[in-house]
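**Student:** I'd like to ask you about the structure that follows.
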Amino acid sequence: MPRLVRGSDVFAVLAHIDYPVRYWPAHAGPFDPEAFQEDFRHALRVLADSGRALEINTRLPLHPQIVRWWHEEGGAAVTFGSDAHHPGVLARGFPQAAAVAEASGFRPGRHPCDFWTRSG
């Protein structure tokens with residue numbers, strides 16, 4: 001992830017930082033981001049230093065701990081994506097994702113399409 005961020009300037013928002021979790025083996029028990037804290041924090045720090053935003057997916061929610069680390073590592077903004085492939089699921093899970101963002105120190109902008117930025 002850090003190599004991707006450092007090696008490209010063609011994107012403003014990083015989505016699916018937790019993509020490998022989709023393939024977490026059931027026999028391994030529940031995914032615990034703490035086991036990968038150093039790796040996540042490093043990737044988040046590099047992303048924060050680049051001035052980009054982190055996407056919080058609302059269909060497969062980003063673990064709240066990762067959003068907290070994003071804030072702690074200096075992340076300035078979050079966005080939301082619902083992976084909606086048809087209108088009926090647009091913004092599905094948004095209230096829960098917004099609550100995670102707010103609990104982690106991010107607030108909505110003035111316009112509904114604005115990034116949510118750090119508060120305080």
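Derivation of every value follows stated rules applied to the coordinates shown; laboratory data play no part. Just so we're clear, the structure is a prediction, and the values are computed from it rather than from any experiment. Cβ placement follows ideal geometry from the backbone for every residue including glycine, while neighbour counts extend to all protein chains displayed.
**Student:** Every residue in segment 72-118 that is in a strand (DSSP E or B), aliphatic (A, V, I, L, M) and over 16 Å from HIS16 (Cβ atoms), please.
**Tutor:** Across segment 72-118, the qualifying residue is only ALA77.
**Student:** Answer with yes or no whether GLN37 is under 15 Å from the mean Cα position of the chain (by Cα) and exposed (fewer than 15 other Cβ atoms within 10 Å of the Cβ).
**Tutor:** Yes; evaluated as a whole, the condition is true for this residue.
Here is a yes/no grid of residues against (1) acidic (Asp, Glu); (2) surrounded by 14 or more Cβ atoms within 10 Å (Cβ to Cβ); (3) within 18 Å of PHE11 (Cα to Cα):
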| position | (1), (2), (3) |
| --- | --- |
| ASN57 | no, yes, yes |
| GLU73 | yes, yes, no |
| ALA97 | no, yes, no |
| VAL100 | no, yes, no |
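**Student:** Can you tell me which of (1) on the phi > 0 side of the Ramachandran plot; (2) not in a loop (DSSP other than H, G, I, E, B) is the one ARG45 doesn't meet?
**Tutor:** (1)
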